[in-house]
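In what follows, a structure is listed as structure tokens, so that the remarks can point back to it.
No value in this document is a laboratory result; all are computed from the given coordinates. Remember, predicted model here, so these are calculated numbers, not experimental data. Here Cβ is always computed from backbone atoms with ideal geometry, including for glycine, and neighbour counts include all displayed protein chains.
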């Protein structure tokens, strides 16, 4: 976990890979719960038997499930001490570059692309989030994520 003690420490990391998170495992239960929450019950995700005969040989996670892990990667990968709160401000660009078979282990590389002050006491950060699957040379998701933190850290 990367710990920042001030916004100036954050700004000093622009252009750098800041953290590589721990691995997390994608389960069929997660995929099924995501399907229930979103209404996306496509067989490639929720029917393991049919998916075995499909193009990937197994059920795969929804692309948006992979994308929805970004907050977890931030939560476990870095903290800004003294910040009162952080919010997801949006995304500039997202690509799902490879499938995520159920049972895969994923982690994220977080590269800080920009950091700008936000009045009165915040900072907006633009992060390149590259989600990797263990054992694969190709990332499964590449996203430019915007996050805002508020509260002046010491």
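Odds and ends about this structure:
- The set of residues in region 91-130 being within 14 Å of the chain's Cα centre (by Cα), under 21 Å from residue 13 (Cβ atoms) and exposed (fewer than 13 other Cβ atoms within 10 Å of the Cβ) consists of 92, 93.
- Count of region 17-43 residues which are in contact with a strand residue (DSSP E or B) (Cβ under 6 Å, 6 or more places away or on another chain) and not in a strand (DSSP E or B): 2
- Test for residue 97: is it under 15 Å from residue 18 (Cβ atoms) and in contact with a strand residue (DSSP E or B) (Cβ under 7 Å, 6 or more places away or on another chain): no
- Residue in region 63-80 that is surrounded by 19 or more Cβ atoms within 10 Å (Cβ to Cβ), in contact with a helix residue (DSSP H, G or I) (Cβ under 6 Å, 6 or more places away or on another chain) and under 23 Å from residue 145 (Cα atoms) present: yes
- Filtering region 21-33 to residues that are surrounded by 15 or more Cβ atoms within 10 Å (Cβ to Cβ) and either touching a residue at least 40 places away in the same chain (Cβ under 8 Å) or within 19 Å of residue 107 (Cα to Cα) (or both) leaves 21, 24, 26, 28, 30, 31.
- The residue that is surrounded by the fewest Cβ atoms within 10 Å (Cβ to Cβ), among those in region 5-15 that are outside any helix (DSSP H, G or I) and touching a strand residue (DSSP E or B) at 6+ places or on another chain (Cβ under 6 Å), is 14.
- Elements of type helices (runs of 4 or more DSSP H) contained in region 44-151, each with 1 or more residues being within 25 Å of residue 6 (Cα to Cα) and touching a residue at least 12 places away in the same chain (Cβ under 8 Å): 70-77
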